[in-house]
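The values are calculated or read from the model by the stated rules, or taken from the named source; none is laboratory data. Predicted model, so just to flag it, every value in this text is computed and none were measured. All Cβ positions, even for glycine, are placed from backbone atoms using ideal geometry, and neighbour counts span all protein chains on display.
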Amino acid sequence: MSLNIIILAAGKGKRMHSSLPKVMHKVGGKSMLEHVLISAKKLNPSSINVVLSPKIESIKKSFGGYDIAWHSQSEQKGTADAVKIVLPSLKEDEKVLILYADTPLIDSDLLDKFINYMPKSDVKVLTVNLQKPFGYGRIIREQAEVEIISKIIEETEADDLQKNIKECNTGIIFSDVSTLNSLISEVKNDNSKKEFYLTDIVSIANLKNMMVVPLLSKETNSLLGVNDKLQLEETEQIYQSNNRKKFLRQGVTMLDSKSVFFKGDVEIGEDVEIEANVIFEGNVKLGDKVQIKSNTIIKNSVISSGTEVKPYTIIEDSLVGKNCNIGPFARIRPNCTLEESVGIGNFVEVKASNIKKNTKANHLTYLGDSDIGENVNVGAGVITCNYDGVNKHKTVIKDNVFIGSDSQLIAPIIVEEGVTIAAGSTITDNSEKDSLLIARSRQQEKKNWKR
Ligand code: UD1
Ligand code: CA
């Protein structure tokens, strides 16, 4: 079977009240369209077709990693019109699965089951029973033959009796190109919104003695559509709750899982403990026995086994080695690599730096654009002065260096192996290894001084 997927993403998204295209709003750190693309791709279709409005064509560049045939719907004349734009590029006998880009939690296993559900039919519709069906098209089943849908009635066209129906259209429809062509060509826009509703193909099919068959799914949560910010929040909460349950089941210990947020692709090892108010963003990997304490944000980073990240720490785009101690109140900015057993303490900021094993910077320090060796002790208040107002320069600190408190290293500079820097020094010049550098004004004593 040659399967083609059509994803509708051209709608205005007026109800979001936002300048951002609706399908670019994020759930769990990824755009809604990306979620649908991920599920679509898992079905190994022969094509993925996305219908966009020309006004939001710029979003295409965010999806370079996907093999997508883009289609442009110049005016948002309705879901039937959007599908109609794609059909000429597909072969008559091919199968089509229609998805809406505003249904981000749709799961590929359910789609697979839906596609392979094989009653005799011309069109299949995935439906769901919703306690709050407001806004959805309602499913009207044929009285005589309940396994047949006779009509889908949109909220705006429904009477009070029809509005009481809880079975809703998910928007997910499966058919073939020739059937869709013949049905969509007859859809009219004589309704309150003056739109060509894709859902009208159901009553048209019935007039043509075609069979429209429902598959009623129990997976309510994964089939919710997002039209406004309330539904976006609701969907986000479902997504988060699914992730929390997944990690708890997998053995992660969480103090208060409701306050832990997963906004991206997170991998977690064994015996990991996560306290409260923690956000993971992007690609995050936590090794075994990692401890993440409260009020911490970790973005696009690897935290290796045995490392403890203490409260109020932010780590971004970096690699943290095994058995490190980071925080409290530490900030690891992008492009840092910390090797094993590194200690980064309170009020320490590290940026674009490589720090080798057993090195410690425990208090009030800025390390930027630096390469720091093994067993280095960086005293309190040390600053690598990396910026001259125009350019950034590198600081190299070799193994076994001791840097006394409140010292500044004026980059570019190399501090050779074994050097000791006296507290309060401003180091401007390179030196030989194993030297003691003292670069501060001498103390003067004026006896019996009168103020
Ligand atoms: C639609 C269905 C409704 C269903 C619900 C499920 C229709 C007429 N109604 O309603 O039966 O219960 O989804 O969530 O299909 N789009 C385009 N071009 C257009 C119009 C819409 O690409 O001209 C896209 C939108 O970007 C969106 C999707 O189609 O991704 C659905 O459109 P939307 O306006 O959200 O339809 P609903 O009112 O939610
Ligand atoms: Ca919708």
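List of remarks:
- Scan of segment 1-38 for residues that are basic (Lys, Arg) and either more than 9 Å from ligand 1 (Cβ to nearest atom) or without any contact (Cβ under 8 Å) to a residue 24 or more places away in the chain (or both), ordered by number: LYS14, LYS26, LYS30
- Among the conditions (1) more than 27 Å from LEU33 (Cα to Cα); (2) in contact with a Pro (Cβ under 8 Å, 6 or more places away or on another chain), SER192 misses just one, which is (2).
- Under the condition of being farther than 24 Å from ALA352 by Cα and part of a strand (DSSP E or B), the residues counted in segment 292-316 number 0.
- Of the residues making up segment 68-86, those that are among the aliphatic types (A, V, I, L, M), surrounded by fewer than 21 Cβ atoms within 10 Å (Cβ to Cβ) and not in a loop (DSSP other than H, G, I, E, B) are ALA69, ILE85.
- Residue match in segment 393-402 (condition: at pLDDT 95 or above, touching a Leu at 6+ places or on another chain (Cβ under 6 Å) and either outside the structural domain of PHE347 (by TED's automatic domain parsing) or in a strand (DSSP E or B) (or both)): yes
- Being surrounded by 22 or more Cβ atoms within 10 Å (Cβ to Cβ), away from ligand 2 (no atom under 16 Å from the Cβ) and assigned by TED's automatic domain parsing to the domain that holds LYS41 holds for only one residue in VAL146, VAL96, VAL128, and it is VAL96.
- Pairs with Cβ under 6 Å, 6+ apart, first in segment 125-146 and over 15 Å from ILE173 (Cα atoms), second within 14 Å of ligand 2 (Cβ to nearest atom) and at pLDDT 95 or above: LEU130/CYS168; PRO133/CYS168; GLY135/GLU155
- Any hit, segment 39-51, residues being more than 16 Å from ligand 1 (Cβ to nearest atom), not charged (D, E, K, R) and not in a loop (DSSP other than H, G, I, E, B): yes
- For ARG15, the conditions (1) under 19 Å from LEU198 (Cα atoms); (2) surrounded by fewer than 20 Cβ atoms within 10 Å (Cβ to Cβ); (3) within 14 Å of ligand 2 (Cβ to nearest atom) are fulfilled apart from (1).
- Scanning segment 271-294 for residues that are of a type in the set (Asp, Glu) and either in contact with a helix residue (DSSP H, G or I) (Cβ under 8 Å, 6 or more places away or on another chain) or more than 20 Å from ASN325 (Cβ to Cβ) (or both) turns up just one, GLU281.
- Failed item, numbered, when ILE172 is tested on (1) assigned to a loop (DSSP other than H, G, I, E, B); (2) closer than 15 Å to THR79 by Cβ: (1)
- Number of positions in segment 181-207 that are hydrophobic (A, V, I, L, M, F, W, C), more than 16 Å from ligand 2 (Cβ to nearest atom), crowded, with 18+ Cβ neighbours inside 10 Å and under 23 Å from GLU145 (Cα atoms): 5
- Residue list for segment 42-67, restricted to those being closer than 19 Å to SER178 by Cβ and either within 16 Å of ligand 2 (Cβ to nearest atom) or surrounded by fewer than 12 Cβ atoms within 10 Å (Cβ to Cβ) (or both): none
- Within segment 301-329, residues that are among the aromatic types (Phe, Trp, Tyr) sit with their Cβ atoms under 9 Å from residues that are assigned to a loop (DSSP other than H, G, I, E, B) and buried (at least 23 other Cβ atoms within 10 Å of the Cβ), at 6+ positions apart or across chains, in these pairs: TYR312/GLY327; TYR312/ALA330; PHE329/THR313.
- PHE280 being more than 16 Å from ligand 2 (Cβ to nearest atom), among the aromatic types (Phe, Trp, Tyr), touching a Phe, Trp or Tyr at 6+ places or on another chain (Cβ under 7 Å) and not assigned by TED's automatic domain parsing to the domain that holds PHE114: yes
- Scanning segment 417-437 for residues that are in contact with a Gly (Cβ under 9 Å, 6 or more places away or on another chain) and assigned to a loop (DSSP other than H, G, I, E, B) returns GLU417, ALA422, ALA423, GLY424, SER425, LYS433, ASP434, SER435.
- The set of residues in segment 159-169 being under 37 Å from the mean Cα position of the chain (by Cα) and either more than 16 Å from ligand 2 (Cβ to nearest atom) or part of a helix (DSSP H, G or I) (or both) consists of LYS163, ASN164, ILE165, LYS166, GLU167.
- Qualifying residue in segment 69-84 (condition: more than 14 Å from ligand 1 (Cβ to nearest atom) and either under 30 Å from SER203 (Cβ atoms) or assigned by TED's automatic domain parsing to the domain that holds PHE174 (or both)): yes
- Residue in segment 119-133 that is within 16 Å of ligand 1 (Cβ to nearest atom), in a loop (DSSP other than H, G, I, E, B), touching a His at 6+ places or on another chain (Cβ under 7 Å) and modelled with pLDDT of 95 or more present: no
- Of the candidates GLU195, GLU236, the single residue that is among the charged types (D, E, K, R) and in a loop (DSSP other than H, G, I, E, B) is GLU195.
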